[in-house]
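In what follows, a single structure is set out as structure tokens and then discussed.
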Amino acid sequence: RLVHLDLKGAAPRARYLEQLLPLLRALGATGLLLEYEDTFPYTGPLELLQAPHAYSPAELRALLSRARAQGLDVVPLLPLPLQFVLKHGEFAHLREVKALPNALNPHKEESLALVKAMIDQVMALHEDLQWFHIGCDEVYYLGEGEESKQWLQQQDNTPEKLCLSHIKAVATCLASSYPTVTPIVWDDMLRGMSDETLAESGVPQLVQPMIWDYAADIDTEGKVQLLEKYRRCGFSKVWFASAFKGATGVNQSLTLIGHHLRNQLEWLQVASRSPPDVLEGIALTGWQRYDHFSVLCELLPVAIPSLAVCLLALKNGGYSEKVKEDVENLLGMSNLDIDTFMSTSLGTFPGSNILTLVTQVSFYLKSSVDELLERNRYVTGWFSPYHRKRKIIHPIVMHHLQPDAVSLLSKWNAVVQDLQAAMEQVFHKCAIEEWMEENVHPSLQKLQQVVDDLDEA
């Protein structure tokens with residue numbers, strides 16, 4: 001049971017992740033799937049890939065050593081097709097399609113050399129690895145570059161074969177340098193391929209596919225058939241991937257636990273119908289962005305209750321009143337509601353204050369400001385955009401309106417200040433700035449503006 005930490009946005013400080021490790025172990029996690037992206041401390045020509053808040057080698061060594069001490073396996077994830085690399089001008093010449101940073105050009109030797117250099121640097125910081133996830137999902141636009149178009153004109157060449165040859169090249173490169181490490185790949189590019197194409201490619205002997213589906217109503221029959229297909233084609237082991245957050249809305253701020261719990265229960269159904277020796281494990285994904293360029297979805301501390309419910313349900317083979325009690329005890333929460341977004345009690349888990357404050361902001365900030373500006377009759381009738389522009393107001397209306405507006409502003413400023421302080425314990429400045437600009441500033445600025453206009457009027 002691997003907990004996926006997606007670090008391509010709102011990457012928590014290393015000390016916060018260290019605080020989480022004992023809790024993850026207690027909840028039944030057996031490992032971490034670490035998607036570093038631009039938070040890895042790359043060196044040499046790759047140094048420019050580092051985000052300003054990247055972890056230092058010392059921080060990562062300490063985190064990895066603590067994970068080992070907790071009995072957690074670590075699986076690094078290098079997210080091919082490398083959007084975070086191809087967005088840089090210095091690597092733009094390696095794009096499959098010149099204008100898009102979506103896929104690596106598989107025909108250039110330099111592409112493979114780049115991937116090998118990245119794998120080597122990641123491997124150098126990790127000890128005793130059993131698996132290495134090389135991504136390979138949603139490789140859009142592969143086959144649409146000029147060199148690929150020429151390659152596809154040759155007899156028997158197909159987009160599927162192009163994709164498989166690329167996976168094979170990366171997996172072979174990993175296997176030749178690190179023979180004891182097994183590559184894992186996302187399976188979506190493989191699903192639609194024929195048995196024959198997959199079997200003849202040689203890929204099944206090199207990698208383990210990770211079948212992902214984050215829906216609350218998985219087609220379990222289809223998944224069992226897919227599993228059998230992969231088995232027939234020669235894959236020795238298969239992984240599943242569920243989700244505990246980051247899969248129900250691109251700009252989601254709160255986690256709907258019920259959706260993710262149902263997703264785990266569906267995967268348990270698939271597992272119960274799988275041959276006992278074929279399933280290697282499951283990764284509970286926690287996406288932080290839908291891709292490198294999208295906005296943030298739920299922050300990690302906000303989704304801890306969902307992760308706890310999902311992990312314990314998987315560990316216990318289902319969800320029950322007993323599992324609910326165990327979650328509440330481990331998180332220090334008095335009342336866990338899996339079917340609404342409301343977090344009614346402050347927990348004792350790391351970052352629980354962030355969950356409480358984010359819930360408050362998500363539920364009430366926009367609605368309270370909209371209520372004042374769009375449904376308060378003094379605003380709509382006597383302090384409309386027309387009045388505000390000309391700074392005209394009747395003194396009696398001022399008397400009715402100003403105290404409410406000022407009081408609402410000071411209330412929200414206090415909440416936001418508390419949230420800022422709580423987030424500073426867990427996140428770097430860039431993540432806080434981004435979250436605030438997306439979720440707080442639009443409403444708060446509207447409110448501030450009306451208070452300023454009242455003052456001037």
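If you sort the three axes of the alpha carbon gyration tensor as a ≥ b ≥ c, you get a/c of 1.5 or more for segment 353-456 and a/b above b/c, which makes it prolate.
Between the residues G347, T285, L330, the greatest Cα displacement towards the positive end of the dipole of segment 281-363, with unit charges on the Cβ of Lys, Arg, Asp and Glu, is found for T285. Phi angles across segment 191-201 convert, under the Karplus curve 6.51 cos²θ - 1.76 cosθ + 1.60 with θ = phi - 60°, into 3J(HN,Hα) values of 3, x, 7, 6, 3, 4, 4, 5, 4, 6, 6 Hz, Gly and Pro given as x.
Averaged per residue, the chain has 43 square angstrom of accessible surface, using a 1.4 angstrom probe with ligands and nucleic acids left out. Net charge near F84, counting Lys/Arg +1 and Asp/Glu -1 over other residues with Cβ under 9 Å of its Cβ? Computed value for this residue: 0. Once backbone amide H atoms are built at 1.01 Å from N, G31 has V3, D73 as its partners under 5 Å, excluding neighbours fewer than 5 places away on the same chain. Counting only alpha carbon atoms, the long axis of helix 395-424 and the longest principal axis of the chain meet at about 30°. Taking the Cα centre of segment 174-249 as origin and assigning +1 to Lys and Arg Cβ atoms and -1 to Asp and Glu Cβ atoms, the resulting dipole is close to 280 debye. Extension gain for the segment D339 to A117, taken as residue separation times 0.36 nm less the Cα-Cα distance, is 75.3 nm to one decimal.
Spacing of the modelled spin labels on K98 and S194, each 7 Å from Cα toward Cβ, amounts to 3.6 nm. Within the shell of other residues whose beta carbon sits under 12 angstrom from the beta carbon of Q425, the net charge comes to 0, with Lys and Arg scored +1 and Asp and Glu -1. Bridging of K391 to aspartates and glutamates at a Cα separation below 13 Å is possible for D452, D453, D455, E456, once same-chain residues fewer than 8 apart are set aside. Using the Cβ-Cβ distance between A421 and Q445 with R0 set to 22 Å, the FRET efficiency from 1/(1 + (r/R0)^6) comes to roughly 0.60.
Shape of segment 167-215 from the C-alpha gyration tensor: oblate (a/c of 1.5 or more and a/b not above b/c, with a ≥ b ≥ c the square roots of its eigenvalues).
Qualifying trypsin sites (Lys or Arg not before Pro) in segment 370-454, where qualification requires a DSSP coil assignment and no more than 14 other C-beta atoms within 10 Å, comprise K391.
With contacts taken as Cα pairs under 8 Å and at least 6 residues apart, segment 240-283 reaches a relative contact order of 58 percent.
Here the chain is treated with +1 on each Lys and Arg Cβ and -1 on each Asp and Glu Cβ, and its dipole about the Cα centre works out to around 580 debye.
Identify the trypsin sites (Lys or Arg not before Pro) of segment 88-165 meeting these criteria: DSSP loop state and at most 14 other C-beta atoms within 10 Å of the C-beta. Walk me through the intermediate numbers first.
Details: sites: R95, K98, K108, K116, K149, K161; in loops: K98, K108.
Loop-located and lightly packed - K98.
Determine which residues of segment 420-457 fall in the zone a paramagnetic label at D404 would reach in this model, i.e. backbone nitrogen under 14 Å from the point 7 Å along Cα→Cβ. What the label zone holds, given the 14 Å backbone N cut-off, is 451. Farthest toward the positive end of the dipole of the chain, out of G31, N251, V85, is the Cα of N251, where the dipole comes from beta carbon charges about the Cα centre. In order along segment 386-392, phi translates into HN-Hα couplings of 4, 5, 5, 4, 9, 6, 10 Hz, rounded to whole numbers, per the Karplus curve 6.51 cos²θ - 1.76 cosθ + 1.60 with θ = phi - 60° and x for Gly and Pro. Helix 304-316 and the longest principal axis of the Cα set of the chain meet at an angle near 40°. Can you give the angle from 0 to 90° between the axis of helix 159-177 and the longest principal axis of the chain, with both taken from C-alpha atoms, to the nearest 10? Orientation of helix 159-177: about 80 degrees from the principal axis. With 0.36 nm allotted per residue and the present C-alpha distance subtracted, the T158-R66 stretch has 28.5 nm of extension available. For F427, the residues whose modelled amide H falls within less than 5 Å of its own, excluding neighbours fewer than 5 places apart on the same chain, are R13.
Straightening the chain between R273 and C430 buys 52.0 nm, computed as 0.36 nm per residue apart minus the Cα-Cα spacing. Calculated from the structure, Cα Rg over 2.2 N^0.38 Å equals which of (i) 1.27; (ii) 1.01; (iii) 1.11? Read-out from the structure maps to (iii). Carbon and sulfur: what percent of the chain's accessible surface (1.4 Å probe)? After summing per-atom areas, the C and S share lands at 50 percent. Placing +1 on the Cβ of every Lys and Arg and -1 on the Cβ of every Asp and Glu, with no other charges, gives segment 353-456 a dipole of roughly 460 debye about its Cα centre.
Starting from the Cα gyration tensor of segment 258-365, take the square roots of the eigenvalues, sort them a ≥ b ≥ c, and report rounded, prolate or oblate (rounded when a/c is under 1.5, otherwise prolate if a/b is larger than b/c, else oblate).
Oblate is the answer for segment 258-365, as a/c is 1.5 or above yet b/c matches or exceeds a/b.
In segment 2-340, a dipole from Cβ-located charges (positive for Lys and Arg, negative for Asp and Glu) runs towards its positive end, and of H4, T158, Y140 it is H4 whose Cα lies farthest in that direction.
Remark: for residue pairs K98/K237; K168/K237; K98/K168; K229/K322; K87/K366; K108/K237, the C-alpha separation exceeds 27 Å in K98/K237; K229/K322; K87/K366; K108/K237. Of the chymotrypsin sites (Phe, Trp or Tyr not before Pro) found in segment 349-393, not one falls in a DSSP loop while having at most 15 other beta-carbon atoms within 10 Å.
Normalising the average separation of contacting C-alpha pairs (under 8 angstrom, six or more residues apart) by the number of residues puts the relative contact order of segment 268-376 at 18 percent.
The values are calculated or read from the model by the stated rules, or taken from the named source; none is laboratory data. The structure displayed is predicted, hence computed values, not measured ones. Please note: Cβ atoms are built from the backbone with ideal geometry, for glycine as well, and neighbour counts cover all protein chains shown. Only protein heavy atoms, including side chains, enter the accessible area calculation; ligands, DNA and RNA are left aside. Shrake-Rupley method; radii C 1.70, N 1.55, O 1.52, S 1.80 Å.
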